[in-house]
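Asks: Before we start, here is the structure in question, set down as structure tokens.
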Amino acid sequence: MSKVMGGFLCSKYTLIGLNIFYIVVGIMLICLGTEMSNSNRVTNLPIVGGIVACGIFLVLISIVGIYGAARHHQVLLFFYMIILFLVFIIQFSVACACLSVSQSTEANLALQGWNTLSNRSRMDIQESNACCNFTKTTNSELDQKLSPCPLQCSGSGGCADEHCCPTCEEKILGMIGKGFQVVGGVSLFFSFTEFLGVWLTMRFRNMGPSFPTLNTFR
């Protein structure tokens, strides 16, 4: 009897602790996605929005999991298990998409975002990142909206000078690439812990204390 009760309590508190860990992971995903969106003012990345959404859902479903594990609520644990598995699939897919984005796709996203910016926004980006124009050889569309270089980039040689500031394309692509790698890597790593939560919940639902209680039948 003591072994059965001990195994039940061990699984119960492990599941509660795992859901507390999920809350921390969810908040981390929300912060990472928000930070990437704020640091990269050129492009709006839907993939990053998917990571933020996964973080929000993970926090909410973890609260349900804590209550269901504490009360051994069969119905709540069932829906928790299903929703957590769906979050795992979505987060795993989004993480793989972040890690598989090619450099050409990143360049297209950066160019499209730069073309939609106002002249004032371009000046702010140039000054904050110490860069000059999007590329040294711009197309006709960019030439029509050419922004003056910040003071630290101006000189007799202009932006065609090899000693001038780097182009904003280099800076923007660096931020986009780093953001995709960090967000995708963190999301992929923690998505496997969610699969562990699904397995542990399935196991916990089939367990029970050595004596029937009212909570067991709820």
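Computed from the coordinates by the stated procedures, all read-outs in this text should not be read as laboratory data. Computed from a predicted structure; not experimentally measured. We place every Cβ from the backbone using ideal geometry, glycine too, and count neighbours over all the protein chains shown.
Asks: If packing is taken as the average number of other Cβ atoms within 10 Å across a peptide's residues, how do 111-118, 185-192 rank, most packed first?
Replies: Averaged packing, sorted descending, gives the order 185-192, 111-118.
Asks: Arrange the peptides 97-107, 171-181 so that the one whose residues have, on average, the most other Cβ atoms within 10 Å appears first.
Replies: The peptides rank, most packed first, as 171-181, 97-107.
Asks: Given the Cα-Cα distance of Thr34 and Gln181 and 0.36 nm per residue of separation, how much length would full extension add, in nm?
Replies: 51.4 nm
Asks: Calculate log10 I(q)/I(0) of the stretch 71-130 for q = 0.17, 0.30 Å⁻¹, where I(q) comes from the Debye formula with a single equal point scatterer on each Cα and nothing for solvent.
Replies: Relative scattering, expressed as log10 I(q)/I(0), comes to -0.75, -1.09.
Asks: Further, regarding this structure: Based on the mean of other Cβ atoms within 10 Å per residue, sort peptides 7-18, 122-133, 62-73 so the most packed one is first.
Replies: 62-73, 122-133, 7-18
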